[in-house]
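The values are calculated or read from the model by the stated rules, or taken from the named source; none is laboratory data. It should be emphasised that the depicted structure is a prediction, and the values quoted were computed from it without experimental measurement. Heads up, the Cβs are rebuilt from the backbone with ideal geometry, glycines too, and the neighbour counts pull from every protein chain shown.
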Amino acid sequence: GAVVSQHPSRVICKSGTSVKIECRSLDFQATTMFWYRQFPKKSLMLMATSNEGSKATYEQGVEKDKFLINHASLTLSTLTVTSAHPEDSSFYICSARRPGGGGTEAFFGQGTRLTVV
Amino acid sequence: QQQVKQSPQSLIVQKGGISIINCAYENTAFDYFPWYQQFPGKGPALLIAIRPDVSEKKEGRFTISFNKSAKQFSLHIMDSQPGDSATYFCAASIGNTDKLIFGTGTRLQVFP
């Protein structure tokens with residue numbers, strides 16, 4: 001089946017530094033990818049929709065300058081958390097929906113646990 | 001309008017029993033309703049999904065019941081097993097490519 005791969009699975013960074021998280025669709029082309037944030041024992045909160053070749057669409061309340069999204073190719077989207085602070089510590093998950101036909105299944109990456117110290 | 005309400009928040013079931021999780025939505029434009037299973041530290045994985053043109057879909061031990069008029073759908077896990085212990089999320093979206101709106105999640109514990 002289709003696979004979405006996310007890297008790294010865990011990252012610890014110092015406060016004030018930036019962290020890049022990669023999301024790759026391994027066996028299909030994804031014109032659209034989605035980035036979610038999940039707090040412990042909470043649901044997935046959509047942060048932004050990543051569009052290949054154009055600007056990302058951010059959900060209300062999400063700082064676009066803090067969470068930079070780049071979707072440079074049909075198989076790769078990146079989320080950069082800039083000037084990270086402890087409150088940015090969270091579980092970040094990407095997903096992609098396979099386009100075409102009846103394929104509406106959304107595949108999720110394995111998630112990235114970000115800890116800012 | 002965009003919310004998907006899920007209940008219960010947590011559920012304890014004995015092995016072999018039936019687990020039932022319910023979701024309700026408001027936006028009648030939603031036309032795709034998946035259920036996801038998530039284990040700690042992992043991304044969600046699709047269990048089963050339904051479209052509003054059918055009232056029920058079954059895959060193995062998992063069944064979705066869909067009530068379009070009530071704007072509700074539910075997940076039934078038959079013969080629940082300890083390995084089913086996880087958090088379950090319902091979701092909804094519009095169309096084939098739109099973002100998924102997730103319910104609040106249900107933590108299921110199945111005891112031997």
* Does segment B:81-111 hold any residues that are in a loop (DSSP other than H, G, I, E, B) and either over 14 Å from B:GLN37 (Cα atoms) or more than 8 Å from chain A (Cβ to nearest Cβ) (or both), and which are they? -> B:GLN81, B:SER85, B:ILE94, B:GLY95, B:ASN96, B:THR97, B:ASP98, B:LYS99, B:LEU100
* Asked: Cβ-Cβ below 6 Å, separation at least six or inter-chain, first residue in segment B:19-41 and within 14 Å of chain A (Cβ to nearest Cβ), second of a type in the set (S, T, N, Q): which pairs?
  -> B:ILE21/B:THR106; B:CYS23/B:GLN6; B:TYR32/A:THR104; B:TYR32/B:SER93; B:GLN38/B:THR87
* Structure fact -> When (1) out of contact with any His (no Cβ under 7 Å at 6 or more places or on another chain); (2) over 27 Å from B:ILE50 (Cβ atoms); (3) at pLDDT below 95; (4) not aliphatic (A, V, I, L, M) are applied to A:GLY101, the one that fails is (2)
* Asked: In segment A:1-25, which residues are over 16 Å from A:PHE67 (Cα atoms), hydrophobic (A, V, I, L, M, F, W, C) and either within 12 Å of chain B (Cβ to nearest Cβ) or touching a Phe, Trp or Tyr at 6+ places or on another chain (Cβ under 9 Å) (or both)?
  -> A:ALA2, A:VAL3, A:VAL4
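This table checks each residue for (1) over 21 Å from A:LEU44 (Cβ atoms); (2) buried (at least 20 other Cβ atoms within 10 Å of the Cβ); (3) at pLDDT 95 or above.
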site: B:TYR25; (1), (2), (3): no, yes, yes
site: B:LYS42; (1), (2), (3): no, no, no
site: B:ALA49; (1), (2), (3): no, no, no
site: B:ASP79; (1), (2), (3): yes, no, yes
site: B:PRO82; (1), (2), (3): yes, no, yes
site: B:ASP98; (1), (2), (3): no, no, no
site: B:THR106; (1), (2), (3): no, yes, yes
site: B:PRO112; (1), (2), (3): yes, no, no
* Asked: Which of the residues that make up segment A:29-85 are surrounded by 19 or more Cβ atoms within 10 Å (Cβ to Cβ), away from chain B (no Cβ under 14 Å) and over 19 Å from A:VAL19 (Cβ atoms)?
  -> A:THR75
* To do: From A:MET47, A:MET33, grab the single residue that is under 17 Å from B:GLY43 (Cβ atoms) and either touching a helix residue (DSSP H, G or I) at 6+ places or on another chain (Cβ under 9 Å) or modelled with pLDDT of 95 or more (or both).
  => A:MET47
* Asked: What are the residues in segment B:65-80 that are under 12 Å from the mean Cα position of the chain (by Cα) and either within 14 Å of chain A (Cβ to nearest Cβ) or farther than 26 Å from B:GLY41 by Cβ (or both), if any?
  -> B:SER65, B:PHE66, B:GLN72, B:PHE73, B:SER74, B:HIS76
* Of all residues in segment B:3-23 being surrounded by 12 or more Cβ atoms within 10 Å (Cβ to Cβ) and closer than 24 Å to A:TYR92 by Cβ, which is modelled with the lowest pLDDT? -> B:GLN3
* Would it be correct to say that B:GLY105 is closer than 22 Å to A:THR32 by Cα and in contact (Cβ under 8 Å) with a residue 40 or more places away in the chain? -> no
* **Check on B:ARG61, closer than 13 Å to B:SER19 by Cβ and at the interface with chain A (Cβ under 8 Å from one of its Cβ atoms)** => no
